[in-house]
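The structure appears below as structure tokens.
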Amino acid sequence: MILMPIRFRLPLRRAWLCLALVVFAVSGARAAELEVITSFSILGDLTHQIGGERINVHTLVKPGQDAHAYEPRPSDARRIKRAGLVVLNGLGFDDWLPRLARASGYQGTLLVASDGIRPLTMLSENGSHAHHGHADPHAWQDVANVQVYAANIAAALIAADPGGADIYRANAARYRAALDALDADIRAAIARLPQERRRVVSSHNAFAYFARAYGLVFLAPVGAAGHSKPGARDVARLIEQLRNEKAPAVFIETIIDPRLIERIRAESGATTGGTLYSDALSNAEGPAPTYIAMMRHNLDTLVKALAAH
């Protein structure tokens, strides 16, 4: 009887040893994850789609937040300094991030995801270059541009973590196919709209790339920079234009004060077409938790409102 505890002691000890080895291995794997910082939620999703579970993505400007008005915190600098890769949009959208990276002492790669796209130029009312910069930063509103973003992100991940190259290439190929399907669906849906129903009014001029790619016209009282407030004259001019052109609907954007678009709707006689996502995703419970979901939500909202009038 006294030997039985001794008989089971060695297997139990081996079990604990095996468990300790498993915990150590898991901890080691987690420690080896590539830490990637992205400036805002759309870039965070694109990076996660390519990197998958092999990377840890931390997004500075969270879903539902306005990147134009973001104020970095000391904790952001500390996190950036430890990162293996930092991803920003460029085109003047998140210029605060390179400055923050330099101040943090970050020595790694700063990837400008929009490198290689053909940017649109933002113009003021009189046709001159806008004071906040020459390039419209909202390039992700054209799915073809996001194909460029994805390729740039995949290349940067491979360079930062060559051991994960096969994973990154496979994820990028899968995502390219999903983007191709999205682009085709947008084109087919817009093509079914009569030309006279392709005029859109939104609160923030963030859809010029969408307009160029898919054949819509967007009007907005707030410029592409997003942080300026329209003057009374700007709003009055837009309302008069809407009355003259009989625009069927106006759309509210998630990062803009909805009271502005409600005034425009009330005084122009147009109906409210719904909510569009421009510069930020929704949270996980919302209708736009990923880039592809955001674009499909916007497409459905636009088509439903424009086709109904």
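Numbers below:
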quantity: Probe 1.4 Å - accessible area at Lys62, Å² to nearest ten; calculated: 70
quantity: Gyration tensor verdict on region 63-181 (Cα atoms; rounded if a/c is under 1.5, prolate if a/b is larger than b/c, oblate otherwise); calculated: oblate
quantity: Efficiency of FRET from Cβ geometry, Ala165 and Thr121, R₀ 35 Å, rounded to 0.05; calculated: 0.45
quantity: Probe 1.4 Å, protein heavy atoms only - accessible area per residue of region 40-124 in square angstrom; calculated: 47
quantity: Long-range amide H partners of Ala288 with built H, under 5 Å; calculated: Ser282
quantity: Surface accessible to a 1.4 Å probe, Thr271 within the full protein complex, Å²; calculated: 60
quantity: Amide H partners (placed H, <5 Å) of Leu120, local residues excluded; calculated: Asp136
quantity: ³J(HN,Hα) computed for each position of region 175-181 - Karplus, 6.51 cos²θ - 1.76 cosθ + 1.60, integer Hz, glycine/proline x; calculated: 6, 4, 5, 5, 5, 4, 5
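The values are calculated or read from the model by the stated rules, or taken from the named source; none is laboratory data. Computed from a predicted structure; not experimentally measured. FYI the Cβ positions are ideal-geometry reconstructions off the backbone, even for glycines, and counts take in every protein chain you see. Each accessible area value is taken on the protein alone, full model and side chains, heavy atoms only, with ligands, DNA and RNA left out. Shrake-Rupley method; radii C 1.70, N 1.55, O 1.52, S 1.80 Å.
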